[in-house]
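Peer 1: Below you will find the structure I want to go over with you.
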Amino acid sequence: MSKTIAINAGSSSLKWQLYEMPAETVIAKGLVERIGLNDSIFTVKYGEGQKYEVVTDIPDHEIAVKMLLDQLIELNILASYDEITGVGHRVVHGGEYFDKSVIIDDDVIAKIEEVAVFAPLHNPAHLMGIRAFKHLLPDIISVAVFDTAFHASMPREAYLYSLPLAYYNDYKVRKYGAHGTSHRYVSQRAADMLEQPIEDLKIITCHLGNGGSITAVKEGKSVDTSMGFTPLAGITMGTRSGDIDAAVLPYLMKKLDIDIDEMLNILNKKSGLLGLTNGLSSDMRDLQDNKDKEDVKVALDIFYDRIRKYIGSYVAAMDGADAIVFTAGIGENSAVVRSEIVKGLSWFGVELDETENAKFGEHIISTKDSKIKVLLIPTDEELMIARDVEALRPSFK
Ligand code: AMP
């Protein structure tokens, strides 16, 4: 048995989950917020609903990690540091270097640093987490799990933009995708639930949260995904525009007299459902509560429409589909959203069982006769991270 910790380090936060492996039991989890600022918030949840919380100044990630390890001992969750036998780190961008999770060494760190140009807010923060754990627990296996890795299997026709090829060759401008760990987890679960080998299946996974992406998974491999060079592309999201004609940018920049940074800020933070509802909300719960308002109705129609079109295009890309999976905040919790999306797919022979659709948790929500099965699968990226650590342990020297 081993205790493995899954880490998601942000620039001022550290989210963690401690597992007993291979049992896959969550022993404790928590969050450190406001690292580097005053009044950092340190929370641990453990046991049966127990919670430890303290507000104190935590100047950097290494101090946050030390505090976390010491507190796990203080709370009798660990007897000593030695009990932790592995750590897995979520890394947003692996560029073209990584098509799977890897054991972290100096070369891996250098590559994560190199591709930080594609994820300037995320990769440097992950490196702070990686270095802090390496320093405090130097002898245990440390693994990087990349959001982009699952999409490394996309064929050229899916990942290349129709731009002069030199921009790909010289600058690596291409589609990388995101949410890969979630798409990988739910597609594997879908195959388990359908009791069929994943190699025989064509699955469309819909990760619908504040950010959202749709992926075409053929024979267990991502063959296309809606997010692009960055997570701005694809479907309409909470605050992100998703796909738009690039020519809109210079036109609006002139009209509004703004520079490209401000334009990108609008596309990332003020668009999507928030922008379409004139700033009412980016949160699906708020919008469902206000769905009689005309702006909200239109925003929701656009949201459903874009998702349906991606699903339709992925049926075409894979020449068929056996299953559609809904996951993440909206996909897992909103029966209305699932129902509205599927309503427009009747031509494909997709049919929801509304009694099943109204229920929560992992299960099949389509009718017995539905040509394409529809599944609700709560995602679990942290578990995937812990599993990848265990899978790589035999190669760790
Ligand atoms: P995530 O980014 O995966 O945490 O998902 C956040 C999104 O899930 C937000 O838009 C929430 O409004 C949405 N969400 C969470 N719970 C519900 C719910 N019960 N009904 C509709 N949307 C929900």
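Peer 1: Need one number: nm distance between label points at residue 170 and residue 305, each 7 Å from Cα along Cα→Cβ, rounded to one decimal.
Peer 2: If labels sit at residue 170 and residue 305, their model points lie 3.8 nm apart.
Peer 1: Can you tell me the FRET efficiency between residue 347 and residue 255 if r is taken as the Cβ-Cβ distance and R0 is 51 Å, rounded to the nearest 0.05? Could the numbers behind the result be given before it?
Peer 2: Numbers: r = 40 Å, r/R0 = 0.78.
Approximately 0.80, to the nearest 0.05.
Peer 1: So what is the 222 nm mean residue ellipticity for the chain from helices alone, if each DSSP H run of at least 4 adds -39500 (n - 2.57) and you divide by all residues, rounding to the nearest 500 deg cm²/dmol?
Peer 2: Per the formula, -11000 deg cm²/dmol.
Peer 1: Still on this model: Please give the length that would be gained between residue 113 and residue 263 if that part of the chain were fully extended, namely 0.36 nm times their separation in residues minus their C-alpha to C-alpha distance (nm, one decimal).
Peer 2: Between residue 113 and residue 263, full extension yields 51.3 nm more.
Peer 1: While we're looking at this one, here's another question. Below 8 Å, C-alpha to C-alpha, sequence gap of six or more: please give me the relative contact order for the chain in percent.
Peer 2: Relative contact order here is 14 percent.
Peer 1: Between residue 73 and residue 356, what is the label-to-label distance in nm when each label sits 7 Å out along the Cα-to-Cβ direction?
Peer 2: Here the modelled spin labels are 5.1 nm apart.
Peer 1: If you place +1 on the Cβ of every Lys and Arg and -1 on the Cβ of every Asp and Glu, how big does the dipole about the Cα centre of the chain come out, in debye to the nearest 20?
Peer 2: On the way: 42 positive and 59 negative charges, 129 e Å.
Result for the chain is approximately 620 debye, rounded to the nearest 20.
Peer 1: Related question: Extension gain residue 368-residue 395, at 0.36 nm per residue separation less the Cα-Cα distance, in nm? All intermediate terms of the calculation are to be shown ahead of the outcome.
Peer 2: Numbers: separation 27, 0.36 × 27 = 9.72 nm, distance 4.38 nm.
Net length gain for the segment: 5.3 nm.
Peer 1: Additional query: Using a basic spin-label model with each label point 7 Å from the Cα along Cα→Cβ, how many nm lie between residue 156 and residue 25?
Peer 2: A separation of 5.2 nm, rounded to one decimal place.
Peer 1: Right, something else. Among 321, 246, 396, flag the residue with its Cα farthest along the positive direction of the charge dipole of the chain, charges on Cβ as +1 for Lys/Arg and -1 for Asp/Glu.
Peer 2: 246
Peer 1: Can you compute log10 of I(q)/I(0) for the chain with the Debye formula, treating each Cα as one identical point scatterer, at q = 0.06, 0.13 Å⁻¹?
Peer 2: -0.25, -1.20
Peer 1: Let me ask something else about it. Which of the GluC sites (Glu not before Pro) found in segment 212-297 are in a DSSP loop and have at most 15 neighbouring Cβ atoms, other than their own, within 10 Å?
Peer 2: Counting only loop positions with at most 15 other Cβ atoms within 10 Å, the GluC sites (Glu not before Pro) in segment 212-297 are 219.
Peer 1: Okay, next question. For segment 159-228 and segment 1-60, what is the separation of their Cα centres, given in Å?
Peer 2: Between the Cα centre of segment 159-228 and that of segment 1-60, the gap is 29 Å.
Peer 1: Okay, moving on. With +1 on the Cβ of every Lys and Arg and -1 on the Cβ of every Asp and Glu, and nothing else charged, how large is the dipole of segment 61-139 about its Cα centre, in debye rounded to the nearest 20?
Peer 2: On the way: 6 positive and 13 negative charges, 49 e Å.
Dipole of segment 61-139, to the nearest 20 debye: 240 debye.
Peer 1: May I pose another question? Mind ranking 147-155, 267-275, 313-321 by how tightly packed they are, going by the mean number of other C-beta atoms within 10 angstrom, highest first? Walk me through the numbers on the way to the answer.
Peer 2: Details: 147-155: 22.8, 267-275: 19.4, 313-321: 17.0.
Highest mean packing first, the order is 147-155, 267-275, 313-321.
Peer 1: Across the Cα atoms of segment 128-273, what radius of gyration and what greatest pairwise Cα-Cα distance (Dmax) are found, in Å?
Peer 2: Spelled out, the Cα radius of gyration and Dmax of segment 128-273 are 18.4, 57 Å.
Peer 1: Follow-up. Looking at segment 242-350, how many pairs of lysines come closer than 30 Å at the Cα, when each pair is eight or more places apart or spans two chains?
Peer 2: So the count of such lysine pairs works out to 23.
Peer 1: Excluding residues on the same chain fewer than 8 positions from residue 51, give the aspartates and glutamates whose Cα lies under 14 Å from its Cα.
Peer 2: The qualifying aspartates and glutamates are 74.
Peer 1: Across segment 57-111, what fraction of all alpha-carbon pairs, as a whole percent, falls in each successive 5 Å bin from zero upward?
Peer 2: 4, 14, 19, 17, 17, 15, 10, 4, 0
Peer 1: Among 360, 1, 266, which residue has its Cα furthest toward the positive end of the charge dipole of the chain, with +1 on Lys/Arg Cβ and -1 on Asp/Glu Cβ?
Peer 2: Toward the positive end, the furthest listed residue is 266.
Peer 1: Need one word for segment 307-385: rounded, prolate or oblate. Basis is the Cα gyration tensor (sqrt eigenvalues a ≥ b ≥ c); a/c below 1.5 gives rounded, then a/b vs b/c decides.
Peer 2: Oblate, since a/c reaches 1.5 and b/c is not below a/b.
Each value in this text was obtained by applying a stated rule to the coordinates, not by laboratory testing. Note that the structure is a prediction, hence the values are computed from the model and not measured. Every residue, glycine as well, gets a Cβ built from its backbone with ideal geometry; the counts of neighbours run over all protein chains shown.
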